[in-house]
Amino acid sequence: MAYVIERAGRSGTRYVGIYRAANGKYKSAGTYTSHERAYEVAEEEERHARGFLEETSPSGKATMTIAEFCEQRFLRYHAVSPGTRQEYGYVTKNHIVPYVGHLRISEVNRETFFNLLVNALPAGEASQITVRATRKVLSAMCQMAFDEGYRNNNPIRSIRLKHAPTKPVLVAGHDQWRRLEEAMTYPPARLYARLNVTTWGRRCEMIGFRPCDFDFGQQ
């Protein structure tokens, strides 16, 4: 049964969700800032673990609809992080089930999915980003259905969509940088900013620099 371990640290109290895996061993479901969230995730992981040992009859696989498959299998047991599962749930609820949820997962063909992605969603004013996110969820769903014997292929693999238009990257000019640097009156902040700009270092690299990483003799 899922439970929570409370840990006190310098930054405050944190909560570790613990769940029982399919092999009977207890594992961590992650560390969270609230007891409720830790228990919720641990319980969800435990349901996911139990799902590995559940089986659906052949007749059940043949007649299960997409809405039922998403609720009973895909959104429960697909091996992704809780955040990704929440995102999948949103896409499924708003862009998949309303259109094709009544169809059987074993019988839906490529043309139906293609029409959903290319015609139905754009007609409903869905953006290209939303359409591509829906394709991603559909592909994961059909792959899981294929792996578990609900269908004999994954038709989403052959559906290609246009890439969403990217926004231009705005880069500060030399004059803008000088104005920004002159506004930094705290010397360490100015040094940090100049080092960051001249080395293109990422934040994790910047905070990890040590004196031995620099050749002060050669500047």
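The values are calculated or read from the model by the stated rules, or taken from the named source; none is laboratory data. Keep in mind it's a predicted model, so treat the numbers as computed, not measured. Using ideal geometry, Cβ is built from the backbone for each residue, glycine included, and neighbour counts are taken over all protein chains shown. Just so you know, the surface numbers come from the protein's heavy atoms only, side chains and all, with ligands and any DNA or RNA stripped out. Shrake-Rupley method; radii C 1.70, N 1.55, O 1.52, S 1.80 Å.
Here's the yes/no breakdown for (1) of a type in the set (V, I, T); (2) within 30 Å of G30 (Cα to Cα):
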| position | (1), (2) |
| --- | --- |
| P98 | no, no |
| R104 | no, no |
| F114 | no, no |
| K136 | no, yes |
| I159 | yes, no |
| P187 | no, no |
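Of all residues in segment 71-87, none satisfies being within 19 Å of the chain's Cα centre (by Cα), basic (K, R), farther than 15 Å from M141 by Cα and open to solvent by 70 Å² or more (accessible area, probe 1.4 Å). Of the residues making up segment 58-67, those that are surrounded by fewer than 17 Cβ atoms within 10 Å (Cβ to Cβ) and not polar (S, T, N, Q) are P58, G60, A62. The residue list E6, E55, E40 contains one member that is acidic (D, E), open to solvent by 70 Å² or more (accessible area, probe 1.4 Å) and either modelled with pLDDT under 85 or within 25 Å of A145 (Cβ to Cβ) (or both), which is E55.
Where helices (runs of 4 or more DSSP H) fall wholly inside segment 73-160, the ranges with 1 or more residues that are among the hydrophobic types (A, V, I, L, M, F, W, C) and over 21 Å from H48 (Cβ atoms) are 97-100, 110-115, 128-147. Look at (1) over 30 Å from T134 (Cα atoms); (2) at pLDDT below 85; (3) open to solvent by less than 100 Å² (accessible area, probe 1.4 Å) and you find that N196 fails only one, number (2).
Reported count of residues in segment 13-37, each being without any contact (Cβ under 8 Å) to a residue 12 or more places away in the chain and either over 20 Å from Y77 (Cβ atoms) or surrounded by 17 or more Cβ atoms within 10 Å (Cβ to Cβ) (or both), is 2. Look at A133 and say whether it is surrounded by 15 or more Cβ atoms within 10 Å (Cβ to Cβ) and among the aliphatic types (A, V, I, L, M). Answer is yes for this residue.
Here T92 passes the criteria (1) hydroxyl-bearing (S, T, Y); (2) free of Cβ contacts under 8 Å to residues at least 12 places away in the same chain; (3) surrounded by 13 or more Cβ atoms within 10 Å (Cβ to Cβ) except the one numbered (2).
Beta carbons closer than 9 Å, at least 6 apart along the sequence or on distinct chains, pair a first residue in segment 100-128 that is free of Cβ contacts under 8 Å to residues at least 40 places away in the same chain with a second that is open to solvent by 70 Å² or more (accessible area, probe 1.4 Å) and outside any helix (DSSP H, G or I) for Q128/K162; Q128/H163; Q128/P165.
Check whether at least one residue in segment 192-204 is of a type in the set (S, T, Y), outside any helix (DSSP H, G or I) and without any contact (Cβ under 8 Å) to a residue 24 or more places away in the chain, and report yes or no. No. Scanning segment 205-217 for residues that are farther than 27 Å from G173 by Cβ, among the hydrophobic types (A, V, I, L, M, F, W, C) and either open to solvent by less than 70 Å² (accessible area, probe 1.4 Å) or in a helix (DSSP H, G or I) (or both) returns a single hit, C212.
To keep it simple, each residue is scored yes or no on (1) under 25 Å from E87 (Cβ atoms); (2) of a type in the set (D, E).
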{"site": "P122", "(1), (2)": "yes, no"}
{"site": "C142", "(1), (2)": "yes, no"}
{"site": "K167", "(1), (2)": "yes, no"}
{"site": "D175", "(1), (2)": "no, yes"}
{"site": "V197", "(1), (2)": "no, no"}
{"site": "R203", "(1), (2)": "yes, no"}
{"site": "P211", "(1), (2)": "no, no"}
{"site": "F214", "(1), (2)": "no, no"}
{"site": "Q219", "(1), (2)": "no, no"}
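Applying the selection to segment 136-157, what residues are aliphatic (A, V, I, L, M) and either under 17 Å from S106 (Cβ atoms) or open to solvent by 10 Å² or more (accessible area, probe 1.4 Å) (or both)? Once the filter is applied, which keeps residues that are aliphatic (A, V, I, L, M) and either under 17 Å from S106 (Cβ atoms) or open to solvent by 10 Å² or more (accessible area, probe 1.4 Å) (or both), segment 136-157 yields L138, A140, M141, M144, A145, I156.
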